[in-house]
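The values are calculated or read from the model by the stated rules, or taken from the named source; none is laboratory data. Note that the coordinates shown come from a computational prediction; the quantities given were computed from them, not determined experimentally. Cβ sites come from the backbone with ideal geometry, for glycine too, and all protein chains shown count toward neighbours.
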Amino acid sequence: MKFGTKAIHAGQEPDPATGAIMTPIYQTSTYWQKSPGDNKGFEYSRGTNPTRKALEGCLAALENAKYGLAFSSGMGATDAVMKLLMPGDEVITGNDLYGGSYRMFTKIFANYGIKFHFIDLTDASNINKFITDKTKLIWIETPTNPTMQIVDIAAVSKIAKANKITLAVDNTFASPYLQNPIDLGADIVMHSVTKYLGGHSDVVMGALMLNDEDLYKRLWFIYNACGATPGPQDSFLVLRGLKTLHLRMKAHCENGRQIAEFLKTHPKVDKIYWPGFTDHPNHEIAKKQMRDFGGMISFTIKGADLQETFRVASSFKVFALAESLGGVESLVNHPTTMTHGSIPKEEREKVGVVDSLLRLSVGVEDIEDLLEDIEQALA
Ligand SMILES: *Cc1c(COP(=O)(O)O)cnc(C)c1O
C-alpha cells in the first residue's frame with residue numbers, strides 16, 4: 001500500500017459492533033469479562049484501548065514498522081525509551097537536540113547514573129570516538145531543531161549495528177512522509193505526534209514505531225507499567241489528522257521552498273537554515289534520505305540584538321508567535337527564549353542558536369499571504 005492510502009486506512013476496520021466507517025471513540029477505562037481472563041483482548045485502557053489500537057496500527061504502517069505504541073506526549077515516548085537503560089549505561093546523542101530531550105537527559109536520567117555524550121553528528125564517524133562497552137543507545141534527531149543539521153541515518157545505523165547498540169531516531173521534524181528511519185536501519189522511531197502527525201495543533205501525543213518483537217515487548221511493559229498512554233479522544237483526533245498527512249506535507253514542502261528562497265535573497269536575513277539549499281553542508285545526505293525538505297526554516301536577522309529580534313517576532317500577523325510546529329497554521333518561534341530556553345547559552349551558541357535566530361513552521365495557508373507577512377515583519 002502507498003503512503004496516502006495507509007494514512008487513510010491502515011489499522012482501521014469498520015467497527016465490528018455497528019459497521020461505523022470511522023473508528024469510534026471508545027471512551028471506557030475498563031472492559032467486561034465473561035469470566036476472569038475471558039475477554040476480547042481488552043482489560044483496562046492504560047494498557048489497551050480499541051481507538052488507540054487503531055491509531056497505533058496506522059502509525060506503525062506509516063513508518064513501515066510492525067509495531068506502534070502511542071504515548072501521552074513525545075516526552076512520554078522518549079521517557080519510555082530511556083527506561084530501557086540501567087545505571088552505568090551510556091548514550092551518544094547530538095549537540096543540537098530538542099530542548100525538552102536535552103532537559104530530560106541532563107536533569108532526570110543523568111541523576112539515575114546514565115551518562116550522555118552530546119556530540120557533533122553531522123559527521124557520523126565522530127560516534128566511533130565515543131563508543132565504549134557501556135554504550136547502549138544512540139539517540140539522533142534529523143533534521144535537528146532549530147538549525148536543521150542533517151544526520152546520515154544509514155551511516156549511523158551501520159556503526160550502531162557493528163557495535164550492537166540500539167539506534168533511536170526522533171523523526172518529528174521530517175514526519176514519515178519525508179523520511180523513514182527504520183528503512184535506513186534504525187531500531188526505534190520516535191515522534192512527537194503533537195506536530196506533523198496530528199497536524200492541527202489540538203493534541204499533545206507521542207509515539208514509538210519499531211520492528212523487533214523483543215524490544216516491543218520490553219517497551220510495551222514500560223508503557224503499561226509506567227502508564228503515559230493517551231486517551232481515546234486524543235487517539236481519534238490523531239486518526240482524523242493522519243488522513244490528510246500526505247496532502248498537508250506536500251503543501252508544507254511547497255510553501256517551505258518558496259519561503260526559504262525568498263529569505264535567501266532578503267537583505268535583512270543573515271544565516272538561513274533549510275536542508276533544501278545546495279550549499280547546506282549536508283544537502284546531499286538530505287537528498288538521499290528525505291523525499292523533500294519540509295516546512296521548517298530557521299534564519300538570523302542581520303545585526304539584530306534581542307530587542308530588534310523581539311520586535312520582528314511580534315510583528316507577524318499571519319504567523320503566530322508560539323512554541324510548537326507542524327500544524328496547518330504558520331508559527332514563528334524565538335528559540336533562545338522559548339523552545340530552547342533550557343539549554344545553556346554556551347552550549348546553544350556553539351551550534352548557532354543565537355538571540356537573532358527565528359524559527360518558522362511554515363503552514364499550508366496561501367503562499368502570497370505568508371510572503372507578504374514575512375516582508376512586513378522584517379521591514
Ligand atoms: C515537540 C518535540 C518533542 C516533544 O514532544 P511533545 O509531544 O511536546 O512531548 C520531541 N522532539 C522534537 C523534535 C519535538 O519537536
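Some notes on this structure:
- Reported count of residues in region 249-306, each being not in a helix (DSSP H, G or I) and not basic (Lys, Arg), is 30.
- Test set (1) crowded, with 20+ Cβ neighbours inside 10 Å; (2) within 16 Å of the ligand (Cβ to nearest atom) - residue 285 fails condition number: (2)
- Considering the conditions (1) closer than 24 Å to residue 361 by Cβ; (2) of a type outside the set (A, V, I, L, M); (3) touching a residue at least 40 places away in the same chain (Cβ under 8 Å), residue 224 is excluded by exactly one of them, (1).
- Tally, over region 180-192, of residues that are within 13 Å of the ligand (Cβ to nearest atom) and out of contact with any helix residue (DSSP H, G or I) (no Cβ under 6 Å at 6 or more places or on another chain): 1
- Consider region 162-175 and keep the residues that are within 14 Å of the ligand (Cβ to nearest atom), not in a loop (DSSP other than H, G, I, E, B) and not aliphatic (A, V, I, L, M). The one that is surrounded by the most Cβ atoms within 10 Å (Cβ to Cβ) is 170.
- Qualifying positions in region 272-300 - in contact with a helix residue (DSSP H, G or I) (Cβ under 6 Å, 6 or more places away or on another chain) and hydrophobic (A, V, I, L, M, F, W, C): 272, 274, 290, 297, 299
- Exactly one residue out of 208, 219, 215 is within 15 Å of the ligand (Cβ to nearest atom) and closer than 28 Å to residue 162 by Cβ, and it is 208.
- In region 356-371, residue farthest from residue 145 (Cα to Cα) [restricted to those that are touching a residue at least 12 places away in the same chain (Cβ under 8 Å) and surrounded by fewer than 18 Cβ atoms within 10 Å (Cβ to Cβ)]: 369
- Close contacts from region 97-110, counting a first residue that is free of Cβ contacts under 8 Å to residues at least 12 places away in the same chain and within 10 Å of the ligand (Cβ to nearest atom) and a second that is charged (D, E, K, R) and not in a helix (DSSP H, G or I), with Cβ to Cβ under 7 Å and a gap of 6+ residues or different chains, come to none at all.
- Options 78, 48; residue that is without any contact (Cβ under 8 Å) to a residue 12 or more places away in the chain and within 24 Å of the chain's Cα centre (by Cα): 48
- Some residue of region 69-92 being within 30 Å of residue 270 (Cβ to Cβ), within 16 Å of the ligand (Cβ to nearest atom) and surrounded by 19 or more Cβ atoms within 10 Å (Cβ to Cβ): no
- Count of region 213-262 residues which are of a type in the set (S, T, N, Q) and under 30 Å from residue 373 (Cα atoms): 3
Listed here are the residues, each with its yes/no results for (1) in a helix (DSSP H, G or I); (2) in the same structural domain as residue 198 (by TED's automatic domain parsing); (3) over 15 Å from residue 168 (Cβ atoms).
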residue: 52; (1), (2), (3): yes, yes, yes
residue: 57; (1), (2), (3): yes, yes, yes
residue: 61; (1), (2), (3): yes, yes, yes
residue: 64; (1), (2), (3): no, yes, yes
residue: 79; (1), (2), (3): yes, yes, no
residue: 85; (1), (2), (3): no, yes, no
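- Of all residues in region 191-223 being in a helix (DSSP H, G or I) and not aromatic (Phe, Trp, Tyr), the one that is surrounded by the fewest Cβ atoms within 10 Å (Cβ to Cβ): 214
- Top-ranked residue in region 251-287 [being among the basic types (Lys, Arg) and touching a residue at least 12 places away in the same chain (Cβ under 8 Å); ranked as nearest to residue 303 (Cα to Cα)]: 268
- Subset of region 314-336 (residues that are surrounded by 20 or more Cβ atoms within 10 Å (Cβ to Cβ) and not in a loop (DSSP other than H, G, I, E, B)): 331, 332, 333
- Residues being out of contact with any strand residue (DSSP E or B) (no Cβ under 9 Å at 6 or more places or on another chain), under 30 Å from residue 188 (Cα atoms) and not in a loop (DSSP other than H, G, I, E, B) - total across region 15-50: 1
- Across region 59-75, the qualifying residues are those that are over 15 Å from the mean Cα position of the chain (by Cα) and not charged (D, E, K, R), and the one among them that is nearest to residue 12 (Cα to Cα) is 61.
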